[in-house]
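Notes for the one structure printed next.
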Amino acid sequence: MKSNTGVLLGRLMRNILRSPDTIITVAITPIMLMLLFVYVFGGAIETGTDNYVNYLLPGILLITIASGVAYTSLRLFTDVKSGLMARFNTMPIKRSSVLWAHVLTSFVSNALTVVVVILVALVMGFRSNADILDWLTVVGILGLFTLALTWLAVIPGLTAGSMEGATAYSYPLIFLPFISSAFVPTETMPKIVRAFAENQPVTSIVDSVRALLYEGTVGNGIWIALAWCVGIMVIAYLIASKAFKRQLG
Amino acid sequence: MTNTAISVKGLKKSFKDKEVLKEVDFEVQRGEIFALLGSNGAGKTTAVNILSTLMKPDSGEVSICGFDVQRQPEDVRQSISLTGQFAALDGMQTGRENLMMIAKLRGVSNPVQVTDNLLVRFNLTDAANRRADKYSGGMKRRLDIAMSLIGTPAVIFLDEPTTGLDPEARIEVWDTINELSEGGTTILLTTQYLEEAEQLADRIAILHGGRIITTGTLTDLKEMFPPTKVEYIEKQPTLEEIFLALIGKGGEVNEK
């Protein structure tokens, strides 16, 4: 079963490498946002730090992942529509290996894009004094976030009626970081917006990553951040599995 | 070992409150080409999906090579291959890569050799290293059918294999199907083209209103309905015959 997932993962990764535009387009939006916020708005934003790239990067990484998982929906949708999914499902292989191959592909390709974005941030002045353990924790949180959003992306990938429908769900995901502590501190927001911003998943994740990268602590929000990631992942996984079974009639 | 490859008894399937299959019964013998003929929406694809373990029946007994589709789906999947309505391949991969992928998933012991043989057999060697989405409709179908043959399944389901193909490609596919059957593979074919059933099938079942309303060889059916009458008419070529004569493939039309 593991080797079947490997074969299917190999196929999906090869497709990505053959269309490098999927890596570049995913990386370009967050990079543009980063340039825009640092060099256009950044001077006017009061965050209480002198390095706005540092402040911004965690949120930008979440936007990167949120736009990256849309491709998972797209790839799954293509497999369902082309009949490949039906072919795999009538072969003597474990059916879950098909889904897992897509999830792992999302994981690997998002990791690649995140590295590209971090490299650009380094050029723009991003610096961190985090040690290896802090970095590993950051990787862990971002990995969990990727898995959670990927399983969420599997649902429209399996059930959407059109390609637009399969990817449209990612727009609100990309927008979520804007109403959070990702770009500006939440203190200046109106009461209701602030309440939303402080209690949605992005803020706790951004705050934890920031604490790890620049303060060398895990911060207070880490458990909330982990709870959000795991919670979204478990619920999305259950719904996705059900959609997969229902698709099989 | 019994000689029955596919056995369907009292098969029922509804979607919401729409009864698609009301009571379907038929049997297919090993090595036969069996055509399930019906108009659009008659339930042909539903039947194939149930037979190939993609969908669960509401009731009825369905077995493939003696394995029950509900109780032994794994064994059924070992014995079958599904070629659906659209060529199920990865367009971003080459023909060779598509075949290799299936060979590895099926766990055949010599994937490279199996792939090479199929490329030769389906006349795809020259196109082997081109991306499949650059193939013509007929080539895609040929690759699709080649992918279905890996692991030499005993039964192959072909769901409307020539829908959307041009006449030339359709004949290519027909030739392929005839060849397969000569090799002893059992083929269940669905089609809405009467001519296709006539060209290919050893036996034909007509699915209508959720039931098989008649089954038999073409000769049986001709004898039964409608009553024979003798008429003298001038034989006019069909447009298909004209088309094929013009592009130089005329000789293959009546070949069977």
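The values are calculated or read from the model by the stated rules, or taken from the named source; none is laboratory data. It should be emphasised that the depicted structure is a prediction, and the values quoted were computed from it without experimental measurement. Neighbour counts are summed over all protein chains in view; Cβ atoms, including those assigned to glycine, are modelled from backbone coordinates with ideal geometry.
State the number of residues belonging to segment B:97-115 that are more than 20 Å from A:A101 (Cβ to Cβ) and under 23 Å from the mean Cα position of the chain (by Cα).
Count: 2.
Counting just the residues of segment A:197-230 that are in a helix (DSSP H, G or I) and free of Cβ contacts under 8 Å to residues at least 12 places away in the same chain, which one comes out farthest from the other protein chains (Cβ to nearest Cβ)?
Top of the filtered list is A:E215.
In segment A:228-249, how many are surrounded by 13 or more Cβ atoms within 10 Å (Cβ to Cβ) and modelled with pLDDT of 85 or more? Lay out the reasoning, then the answer.
Kept after step one, since they are surrounded by 13 or more Cβ atoms within 10 Å (Cβ to Cβ), are these residues of segment A:228-249: A:228-230, A:232-233, A:235-237, A:239-241, A:243-244, A:247-249.
Now restrict to residues that are modelled with pLDDT of 85 or more: A:228-230, A:232-233, A:235-237, A:239-241, A:243-244.
So the count comes out to 13.
Is it the case, given these coordinates, that B:V62 is within 14 Å of chain A (Cβ to nearest Cβ), assigned to a helix (DSSP H, G or I), in contact (Cβ under 8 Å) with a residue 12 or more places away in the chain and farther than 23 Å from B:E182 by Cβ?
For B:V62, the condition - within 14 Å of chain A (Cβ to nearest Cβ), assigned to a helix (DSSP H, G or I), in contact (Cβ under 8 Å) with a residue 12 or more places away in the chain and farther than 23 Å from B:E182 by Cβ - is not met.
Give segment B:208-227 a look and list any residue that's at pLDDT below 85, farther than 13 Å from B:E198 by Cβ and aliphatic (A, V, I, L, M), or say none.
Passing the criteria: only B:M224.
Pick from segment B:91-121 the residues that are in a helix (DSSP H, G or I) and of a type in the set (G, A, S): which of them is nearest to the other protein chains (Cβ to nearest Cβ)?
B:A103
Name the residue, out of B:V28, B:V24, that is surrounded by 22 or more Cβ atoms within 10 Å (Cβ to Cβ), under 29 Å from B:Y193 (Cα atoms), more than 12 Å from every other protein chain (Cβ to nearest Cβ) and in contact with a Gly (Cβ under 8 Å, 6 or more places away or on another chain). Please lay out each step first, then the result.
On the way: B:V28 fails: in contact with a Gly (Cβ under 8 Å, 6 or more places away or on another chain).
Among B:V28, B:V24, only B:V24 is surrounded by 22 or more Cβ atoms within 10 Å (Cβ to Cβ), under 29 Å from B:Y193 (Cα atoms), more than 12 Å from every other protein chain (Cβ to nearest Cβ) and in contact with a Gly (Cβ under 8 Å, 6 or more places away or on another chain).
Collect the residues in segment B:56-88 that are buried (at least 19 other Cβ atoms within 10 Å of the Cβ) and in contact with a Gly (Cβ under 8 Å, 6 or more places away or on another chain), keeping them in residue-number order.
Those that are buried (at least 19 other Cβ atoms within 10 Å of the Cβ) and in contact with a Gly (Cβ under 8 Å, 6 or more places away or on another chain): B:S81, B:G84, B:A87, B:A88.
Taking the conditions exactly as written (within 14 Å of chain B (Cβ to nearest Cβ), in contact with a helix residue (DSSP H, G or I) (Cβ under 7 Å, 6 or more places away or on another chain) and closer than 29 Å to A:G157 by Cα), does A:V26 satisfy them or not?
Here the answer is no, as A:V26 does not meet what is asked.
Do we have any residue at all in segment A:183-196 that's without any contact (Cβ under 8 Å) to a residue 40 or more places away in the chain, more than 14 Å from chain B (Cβ to nearest Cβ) and within 20 Å of the chain's Cα centre (by Cα)?
No: zero hits.
Name the residue, out of A:F88, A:F107, that is within 14 Å of chain B (Cβ to nearest Cβ) and aromatic (F, W, Y).
After applying the criteria, what remains is A:F88.
Against the definition (buried (at least 23 other Cβ atoms within 10 Å of the Cβ) and within 14 Å of chain A (Cβ to nearest Cβ)), how does B:S14 come out, yes or no? Walk me through how you get there before you give the answer.
On the way: buried (at least 23 other Cβ atoms within 10 Å of the Cβ): no; within 14 Å of chain A (Cβ to nearest Cβ): yes.
So B:S14 does not fit the description; no.
Consider B:G184 carefully, then state whether it is small (G, A, S), in contact with a helix residue (DSSP H, G or I) (Cβ under 7 Å, 6 or more places away or on another chain) and outside any helix (DSSP H, G or I). Walk me through how you get there before you give the answer.
On the way: small (G, A, S): yes; in contact with a helix residue (DSSP H, G or I) (Cβ under 7 Å, 6 or more places away or on another chain): no; outside any helix (DSSP H, G or I): yes.
Considered against the rule, which asks whether it is small (G, A, S), in contact with a helix residue (DSSP H, G or I) (Cβ under 7 Å, 6 or more places away or on another chain) and outside any helix (DSSP H, G or I), B:G184 comes out as no.
Give segment B:120-146 a look and list any residue that's under 19 Å from the mean Cα position of the chain (by Cα) and either among the hydrophobic types (A, V, I, L, M, F, W, C) or under 14 Å from B:D175 (Cβ atoms) (or both), or say none.
Across segment B:120-146, the qualifying residues are B:R121, B:F122, B:G138, B:M139, B:R141, B:R142, B:L143, B:I145, B:A146.
State which residue pairs qualify: first residue within 23 Å of B:R130 (Cα to Cα) and inside segment B:76-96, second residue surrounded by 18 or more Cβ atoms within 10 Å (Cβ to Cβ) and among the basic types (K, R) in any location, beta carbons under 6 Å apart, and separation of 6 or more residues or different chains.
Filtered contacts from segment B:76-96: B:A87/B:K140; B:A87/B:R141; B:A88/A:R87.
Which residues, counting only those in segment A:3-16, are within 10 Å of another protein chain (Cβ to nearest Cβ) and of a type outside the set (V, I, T)?
A:S3, A:N4, A:G6, A:L8, A:G10, A:R11, A:L12, A:R14, A:N15
Filter segment B:157-174 for residues that are part of a helix (DSSP H, G or I) and hydrophobic (A, V, I, L, M, F, W, C) and give the result. Show your work before the answer.
Let us first name the residues in segment B:157-174 that are part of a helix (DSSP H, G or I), namely B:167-174.
Scanning segment B:157-174 gives B:A169, B:I171, B:V173, B:W174.
Return the pairs, sorted by first residue and then second, in which the second residue is surrounded by fewer than 17 Cβ atoms within 10 Å (Cβ to Cβ), the first residue lies in segment A:91-102 and is in a helix (DSSP H, G or I), the beta carbons are less than 7 Å apart, and the residues are 6+ apart or on different chains.
Close Cβ pairs (under 7 Å, with a partner that is surrounded by fewer than 17 Cβ atoms within 10 Å (Cβ to Cβ)) amount to A:S97/A:M1.
In the set B:E168, B:E195, B:E160, B:E172, which member is charged (D, E, K, R), surrounded by 15 or more Cβ atoms within 10 Å (Cβ to Cβ) and at pLDDT 85 or above?
Working: B:E168 fails: at pLDDT 85 or above; B:E195 fails: surrounded by 15 or more Cβ atoms within 10 Å (Cβ to Cβ); B:E172 fails: at pLDDT 85 or above.
Being charged (D, E, K, R), surrounded by 15 or more Cβ atoms within 10 Å (Cβ to Cβ) and at pLDDT 85 or above holds for just one of B:E168, B:E195, B:E160, B:E172, which is B:E160.
For segment A:22-34, state whether one or more residues are closer than 30 Å to B:N98 by Cα and not in a helix (DSSP H, G or I).
So far as segment A:22-34 goes, no, none of its residues is closer than 30 Å to B:N98 by Cα and not in a helix (DSSP H, G or I).
Could we say that A:S128 is outside any helix (DSSP H, G or I) and either under 28 Å from A:I141 (Cβ atoms) or among the basic types (K, R) (or both) here?
yes
A:L76: over 13 Å from A:L112 (Cβ atoms), of a type in the set (A, V, I, L, M, F, W, C), within 14 Å of chain B (Cβ to nearest Cβ) and over 15 Å from the mean Cα position of the chain (by Cα), yes or no? Full working, then the answer.
Values: over 13 Å from A:L112 (Cβ atoms): yes; of a type in the set (A, V, I, L, M, F, W, C): yes; within 14 Å of chain B (Cβ to nearest Cβ): yes; over 15 Å from the mean Cα position of the chain (by Cα): yes.
When the stated conditions are applied, A:L76 passes them.
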